[in-house]
1. Does the stretch 71-80 hold any residues that are within 10 Å of Ser48 (Cα to Cα) and either assigned to a loop (DSSP other than H, G, I, E, B) or without any contact (Cβ under 8 Å) to a residue 12 or more places away in the chain (or both), and which are they?
2. Can you tell me which residues in the stretch 71-98 are of a type in the set (A, V, I, L, M), within 21 Å of Thr127 (Cα to Cα) and crowded, with 22+ Cβ neighbours inside 10 Å?
3. Got a sec? Which of Arg75, Arg56, Arg95, Arg132 is within 30 Å of Tyr25 (Cβ to Cβ) and basic (Lys, Arg)?
4. Residue under question is Glu102, and the condition is that it be modelled with pLDDT of 90 or more and out of contact with any helix residue (DSSP H, G or I) (no Cβ under 8 Å at 6 or more places or on another chain); does it hold?
5. Any idea which of (1) on the phi > 0 side of the Ramachandran plot; (2) touching a residue at least 24 places away in the same chain (Cβ under 8 Å) is the one Tyr87 doesn't satisfy?
Amino acid sequence: MDLAVSGWSAWEAAAVVISVCFLLYIWLCYENFHFHVTHLYAHLGYPSAQHIMGQRYLQGVGVQQDEERAMQWFRRASQQGHPHASYNVAVGKLRNKSLMQEDGVVEKLLGQAADQGLQEAQELLETLKRNRGPS
């Protein structure tokens, strides 16, 4: 069929074919596509995207599991005030007893998360304070 007869220009036909191929890629490779889009936004500084990247590396979803890389992404998001990222960094520090911890860092991170309404952070902060006794 001739494109001129159908009323479509070559550019319009190419745009439709490219769009269909792109949508097919998204449909068939959603996890891969989502990872790359999230990775882009994380590098642009979006704390929610940085937190998602941390979750993906922590759980090994779509990438090889890498706890150190996960903590790097969580720290970036935490520095911008993301409550779940702050909580994850604090839990990571508590689990890794071999790391030198500055006094009050875990409590500060949990406090930031708790102040933004993260119930798990509030409960863990109260437990830490109770276990450490009076200061």
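1. Gln80
2. Within the stretch 71-98, Ala85, Val89, Ala90 qualify.
3. Arg56
4. no
5. (1)
The values are calculated or read from the model by the stated rules, or taken from the named source; none is laboratory data. Keep in mind that this is a model prediction, so the values were computed, not measured. Neighbour counts run over all protein chains shown; Cβ positions are idealised from the backbone, glycine included.
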